1. Ordering Arg38, Arg74, Arg7, Arg18 from largest to smallest accessible area (1.4 angstrom probe), what's the sequence?
2. Between Glu61 and Met1, what is the label-to-label distance in nm when each label sits 7 Å out along the Cα-to-Cβ direction?
3. Please name whichever of Cys29, Trp17, Ile39 sits farthest to the positive end of the charge dipole of segment 1-50, dipole taken about the Cα centre and charges placed at Cβ: Lys and Arg +1, Asp and Glu -1.
4. Along Cα→Cβ, 7 Å out, is where each label goes; now give me the distance between the ones at Cys11 and Glu31 in nm to one decimal.
5. In debye, nearest 20: dipole of segment 1-46 around its Cα centre with unit charges on the Cβ of K, R (+) and D, E (-)?
6. Just to confirm a number: summing +1 for Lys and Arg and -1 for Asp and Glu over residues other than Ala27 whose beta-carbon lies under 11 angstrom from that of Ala27, what do you get?
Amino acid sequence: MPLYEFRCSSCGIFEEWRSLAQSSEPAFCPECQQLGRRIFSVPAVNLSSALPRPSRGSEPELVQRSPQEPKPPRFQQQSCGRPWMLNH
């Protein structure tokens with residue numbers, strides 16, 4: 001059930017829980033009983049509860065390469081005679 005916001009001309013903003021079927025019906029101010037006008041606002045969405053949280057102690061371990069290891073070549077020679085067809 002969504003929460004809708006309404007504005008009363010004398011009291012200000014008030015909220016009301018309503019079903020979707022009642023979304024277009026008028027709402028009366030709970031303090032002065034005047035007709036309130038519906039205002040549209042940004043919905044509040046909380047995604048933090050839907051996503052799993054990583055634990056604080058699970059940071060990746062830093063691994064450094066030893067100087068004896070050869071570096072992989074940046075470019076590889078193609079054995080076929082078609083240099084425009086890389087990795088085919």
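The values are calculated or read from the model by the stated rules, or taken from the named source; none is laboratory data. These figures come from a predicted structure and were not determined experimentally. Ideal geometry is used to build each Cβ from the backbone, glycine not excepted, and the neighbour counts take in all protein chains shown. Keep in mind that these areas ignore ligands, DNA and RNA; they rest on the heavy atoms of the full protein, side chains included. Shrake-Rupley method; radii C 1.70, N 1.55, O 1.52, S 1.80 Å.
1. The most accessible residue leads, giving Arg74, Arg7, Arg38, Arg18.
2. Going by the 7 Å Cα→Cβ label model, 5.4 nm.
3. Ile39
4. Each label point is offset 7 Å from its Cα along the Cβ direction, giving 0.7 nm.
5. Around 120 debye, computed over segment 1-46.
6. Result for the neighbourhood of Ala27: 0.
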